[in-house]
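As structure tokens, the structure follows; a few thoughts come after it.
The values are calculated or read from the model by the stated rules, or taken from the named source; none is laboratory data. The shown structure was predicted, so the numbers you read here are calculated from the model rather than taken from an experiment. Cβ sites come from the backbone with ideal geometry, for glycine too, and all protein chains shown count toward neighbours. Please note that ligands, DNA and RNA were not included when accessible areas were found on the heavy atoms of the full protein model with its side chains. Shrake-Rupley method; radii C 1.70, N 1.55, O 1.52, S 1.80 Å.
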Amino acid sequence: MQKQYDYIIAGAGCAGMSLLMRMVVDPFFASKKILVVDADAKQQNDRTWCFWETAPDLFEPIVHHQWKKLDFYSNHFSSELSIEPYTYKMIRGIDFYNYVKASVSKSPNIEWRNATVNKLVNTTFEFVGSNEIAGIELVDGEIIYADYVFSSILFEPIKAAATEYHFLQHFKGWEIKTATDCFDSSKAVFMDFRVSQEHGTTFMYVLPTSANTALIEYTLFTEELLEDELYNVALRQYISEQLQLKDYEILHEEKGVIPMTTKHFPYAKGRNIYIGIAGGQAKASSGYAFKFIQKRTAALIDAIKNGKDLSFGKSLKDSKGHLYDAVLLNVLHNRKMPGDEIFAAIFKGNKASNVLAFLDNESSLLTDLKIMNSVPTGIFLPAAFQEMKQLM
């Protein structure tokens with residue numbers, strides 16, 4: 001057994017490429033031998049990431065559009081939301097992939113292989129000299145070793161335990177172009193719950209990028225997926241009835257599923273380090289993952305450079321957020337209160353910036369208490385006690 005690389009990144013999705021990009025821009029890694037392995041060449045615009053932040057970060061050069069104001073709509077409360085000091089931002093998948101790959105092409109220490117990883121090699125008790133190493137096994141049986149493997153690959157479907165919740169954020173989006181100017185590209189629709197809630201928590205995003213182009217996305221938080229045509233029906237109906245648009249063309253279509261689960265994902269096994277969804281970076285109550293991935297990959301870079309243990313898990317704030325997520329999913333799973341009413345109550349009773357901080361696990365305890373006080377305590381308090389008992 002012999003180490004061939006310093007680091008292997010298994011899976012070149014958002015997490016793998018974010019970690020890779022942080023290595024590319026840091027001189028510490030210029031002499032490190034890095035291998036990236038993914039079965040896909042990443043040449044398709046297969047997804048869009050939206051997130052909010054208070055200051056530009058690593059991927060600011062490829063932000064496709066951004067908004068300072070958001071609209072929130074429901075049958076219970078509607079308002080324009082001022083989100084300062086946050087800015088809501090959009091990054092297209094193809095721009096993200098191309099940006100990272102272009103940066104990698106200038107780094108001779110990084111190798112990219114289009115191959116399928118069959119499994120991670122458990123090297124917890126295997127040594128070369130006195131150095132523990134990690135590895136991957138490709139589908140053709142080849143095994144490749146490194147000091148560390150960072151993997152975002154889910155090798156098996158997620159299975160939640162009886163005491164855990166497993167919802168899905170599933171969506172279908174159309175980027176449309178209208179015949180006339182009809183959008184205000186200075187603000188986006190963050191959530192529009194004025195659609196049927198028959199399947200569960202359901203809303204629309206409207207993300208205008210110009211006066212006549214916008215991404216319209218039909219999104220659900222439920223435990224089951226829908227038949228494909230139902231997404232199309234909902235999109236057509238919303239565009240026709242709510243947006244009052246008849247003459248438009250579909251420029252691009254995207255569809256995806258993100259787990260919203262309270263399952264406890266492992267952070268490491270030996271020197272195999274888990275990142276992305278495989279490392280639990282998708283927020284259980286919303287499915288948002290982009291900023292959580294950025295925080296996790298930045299922390300890993302810092303730990304590597306300072307010789308720290310890379311198997312660290314959730315911070316105290318993240319553990320607190322995990323409990324809040326479990327309480328919300330408890331309420332939704334047991335159908336104690338509809339999701340549209342919950343989000344309406346939260347946005348009605350709190351500053352939008354505080355809600356965004358709460359959703360990012362960055363809010364203060366005082367803000368947490370205010371947000372919790374904006375939803376019915378008779379519903380949420382018993383759910384909270386139930387989830388806290390699970391932790392004991």
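With just the Cα atoms of the range 269-392, tell me how far they stretch along each of the three principal axes, in Å, largest first.
47, 31, 22
What FRET efficiency comes out for Lys348 versus Ser286 if R0 is 22 angstrom and r is the Cβ-Cβ distance? Round to the nearest 0.05.
0.75
Roughly how much of Trp49 is accessible, in Å² to the nearest 10, using a 1.4 Å probe?
Probe radius 1.4 Å; accessible area of Trp49 about 40 Å².
Translational D (Stokes-Einstein, µm²/s) of the range 232-274 at 37 °C and 0.692 mPa s when Rh comes from the Kirkwood sum over C-alpha pairs?
Numbers: Rh = 14.7 Å.
Answer, rounded: 223 µm²/s.
Can I get the semi-axes of the range 1-160's equivalent ellipsoid? Compute them from the C-alpha gyration tensor as square roots of 5 times the eigenvalues, in angstrom, largest first.
36, 19, 15
Averaging the inverse of every distinct alpha carbon separation and then flipping it gives the Kirkwood radius. What is it for the chain, in angstrom units?
About 22.3 Å, per the Kirkwood formula over Cα pairs.
In terms of Cα to Cα distance under 27 Å, which lysines are near enough to Lys32, apart from those fewer than 8 places away along the same chain?
Within the straight-line limit of under 27 Å, Lys32 reaches these lysines: Lys3, Lys42, Lys101, Lys106, Lys119, Lys269, Lys291, Lys295, Lys305, Lys308.
Work from the charge dipole of the chain (Cβ charges, +1 for Lys and Arg, -1 for Asp and Glu, about the Cα centre) and give the residue of Tyr205, His264, Asn45 farthest towards its positive end.
Farthest towards the positive pole: His264.
For n ≥ 4 DSSP H runs only, could you compute -39500 (n - 2.57) per run for the chain, divide by its residues and tell me the 222 nm figure to the nearest 500?
So the helix-based figure for the chain works out to -9000 deg cm²/dmol.
Can you compute the charge dipole magnitude of the range 200-267 about its Cα centre, using +1 on each Lys and Arg Cβ and -1 on each Asp and Glu Cβ, nothing else charged? Give it in debye, rounded to the nearest 20.
Here the range 200-267 has a charge dipole of around 240 debye.
Determine the dipole magnitude for the range 31-75: charges of +1 sit on the beta-carbon of Lys and Arg, -1 on that of Asp and Glu, nothing else is charged, the reference point is the Cα centre, and the result goes in debye to the nearest 20.
140 debye
Along the positive direction of the dipole of the chain (beta-carbon charges: Lys, Arg +1; Asp, Glu -1; about the Cα centre), which of Ser364, Leu58, Ala282 reaches farthest?
It is Ser364, whose Cα lies furthest towards the positive end.
With the alpha-carbon atoms as the only input, what is the per residue convex hull volume for the range 134-179 in Å³?
Output value, Cα hull per residue: 200 Å³.
Of the candidates Arg113, Arg22, Arg194, which one comes out as most mobile in a Gaussian network treatment of the chain with C-alpha springs shorter than 10 Å?
With Cα springs under 10 Å in the chain, the top fluctuation among Arg113, Arg22, Arg194 is at Arg113.
Connecting C-alpha atoms closer than 10 Å in a GNM of the chain, tell me which of Tyr231, Tyr165, Tyr248 has the biggest fluctuation.
Highest fluctuation of the listed residues: Tyr248.
Assign unit charges at the C-beta atoms only (+1 for Lys and Arg, -1 for Asp and Glu), then state the dipole size of the chain relative to its Cα centre in Debye, rounded to the nearest 20. Provide the component values of the computation, followed by the final result.
Working: 40 positive and 47 negative charges, 205 e Å.
Value, rounded to 20: 980 debye.
Can you check how the C-alpha radius of gyration of the range 75-226 compares to 2.2 N^0.38 Å, as a plain ratio?
Working: Rg = 22.6 Å, N = 152, 2.2 N^0.38 = 14.8 Å.
My calculation over the Cα atoms of the range 75-226 gives 1.52.
Return the tail of the calculated pair distribution for the range 293-352, meaning the percent of Cα-Cα pairs more than 13 Å apart.
Counting every Cα pair in the range 293-352, those more than 13 Å apart make up 73 percent.
Say we join alpha carbon atoms closer than 10 Å with springs in a Gaussian network model of the chain; which of Phe203, Phe190, Phe59 then has the biggest fluctuation?
Among Phe203, Phe190, Phe59, the largest GNM mean-square fluctuation belongs to Phe59.
Take the Cα atoms of the range 258-337, build their convex hull, and give its volume per residue in Å³.
Per-residue hull volume (Cα only) is 85 Å³.
Taking only the alpha-carbon atoms of the range 265-311, what semi-axes of the equivalent ellipsoid follow from 5 times the gyration tensor eigenvalues under a square root, in whole Å, largest first?
Working: eigenvalues 83, 33, 7 Å².
Semi-axes, largest first: 20, 13, 6 Å.
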